[in-house]
Amino acid sequence: MAYQFIDVRTEGEVVGVITLNRPKALNALSNDLMDELGAALRAFEADERIGCMIITGSEKAFAAGADIAVMAKYSFADAYGGDFITRNWEVIRSIRKPVIAAVSGFALGGGCELAMMCDFIIAADNAKFGQPEIKLGVIPGAGGTQRLPRAVGKSKAMDLALTGRMMNAEEAERAGLVSRVVPYDKLMDETLGAALQIANFGRLAVLAAKESVNRAFESGLSDGVMFERRLFHSLFATADQKEGMDAFLGKREAKFTHR
Ligand code: CAA
């Protein structure tokens with residue numbers, strides 16, 4: 001499929017890379033761009049060869065948020081009646097394979113929310129995160145007030161949502177929003193390294209690990225631990241469990257078959 005606002009490629013035959021490409025608007029997330037992103041995510045999800053995905057942007061901007069030029073004209077009826085922001089913003093939540101955000105430059109508003117919907121964030125040292133919607137007379141609308149406090153705690157989430165200030169990569173790592181910070185010129189190497197590692201592990205264990213960590217945000221501790229234990233038990237039915245453990249004991253590299 002030909003895309004206008006994103007570039008799509010595969011790396012090492014097992015990693016799907018989606019690059020947001022709307023440079024004139026700093027990758028502002030228009031409906032058309034989000035439709036294309038949704039389609040690309042679904043295509044990689046359906047492709048058996050792909051084991052992990054990366055979403056990235058340009059050096060200057062991961063994404064500067066929802067498209068203000070479009071939103072500026074919206075009425076309440078357009079926003080509420082049209083269920084603005086739900087359309088295709090939720091696709092990423094239904095993706096079962098891991099999705100890593102490789103963030104350079106601005107990740108603001110919907111851009112920060114999109115990064116937070118990914119499974120983890122690797123940031124370049126020039127990354128800037130924020131929820132500046134308050135400056136536009138609105139609030140975050142794609143999960144920012146919910147995912148940010150879960151990631152960085154109430155105080156910093158309130159600070160960012162109420163003042164609209166940006167947080168740099170170092171502060172974001174300290175606060176737990178991002179998992180690693182690397183120099184900009186190492187961002188894709190670092191992220192691809194992680195993605196290739198994940199894609200080459202046993203696929204069923206990878207899906208189970210993602211599902212189980214996500215469960216931590218949706219359940220109480222006892223329910224979450226029981227959910228994890230049942231998934232853990234079920235992995236003993238896989239060929240990859242036999243292979244992984246045999247390989248360890250045989251002091252050799254495991255060759256997972258995703259079965
Ligand atoms: N929507 C539409 N266009 C945008 C945009 C956005 N979110 N962000 C930047 N642009 C456009 C600018 O209008 C500008 O276009 P022109 O060249 O045609 O004038 C171009 O991108 C470059 O931007 P700047 O000239 O402003 O670049 P800068 O380097 O001076 O500033 C910036 C960069 C600080 C990111 C600034 O562009 C900015 O503050 N952008 C808006 C960020 C924002 O408020 N995001 C939240 C949007 S609301 C939202 O996302 C709701 C939600 O929760 C889903």
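Values in this text are rule-based calculations from the coordinates and carry no lab data. Quick caveat: nothing in here was measured; it's all calculated off a predicted structure. No Cβ is skipped: glycine too gets one built from the backbone with ideal geometry, and neighbour counts run over all protein chains shown.
Annotations for the structure displayed:
- In the range 1-126, taking the dipole from charged Cβ atoms about the Cα centre, the farthest positive-side position among Cys52, Ala69, Val99 is held by Ala69.
- Under 14 Å, Cβ to Cβ, from Asp240 - net charge with Lys/Arg +1 and Asp/Glu -1: +1
- Neighbours of Ala208, meaning other residues whose beta-carbon lies under 13 angstrom from its beta-carbon, give a summed charge of +4 when Lys and Arg score +1 and Asp and Glu score -1.
- Amide H contacts under 5 Å for Val103, placed H, 5+ residues apart: Ile122, Ala123, Ala124
- Taking a Cβ cut-off of under 14 Å around Ile92, the surrounding Lys, Arg, Asp and Glu residues balance to a net charge of +1, with basic ones at +1 and acidic ones at -1.
- Across Lys154/Lys186; Lys97/Lys255; Lys73/Lys156; Lys210/Lys251; Lys60/Lys128, pairs whose alpha-carbon gap is larger than 21 Å: Lys154/Lys186; Lys73/Lys156; Lys210/Lys251
- Largest-first ellipsoid semi-axes for the chain, taking √(5λ) over the Cα gyration tensor eigenvalues, angstrom: 33, 20, 18
- Sparsely packed loop sites in the range 1-105 (the chymotrypsin sites (Phe, Trp or Tyr not before Pro) outside DSSP H, G, I, E and B with at most 14 other Cβ atoms within 10 Å) comprise Tyr74.
- Rounded to 5, the percent of DSSP beta bridges in the chain classed as antiparallel: 25
- In sequence order, the range 244-258 has phi-based couplings of x, 6, 4, 5, 4, 5, x, 6, 9, 6, 6, 10, 7, 10, 6 Hz under the Karplus curve 6.51 cos²θ - 1.76 cosθ + 1.60, θ = phi - 60°, and Gly or Pro positions carry x.
- A simple charge model with +1 on the Cβ of Lys and Arg, -1 on the Cβ of Asp and Glu and nothing else charged puts the dipole of the chain at about 440 debye relative to its Cα centre.
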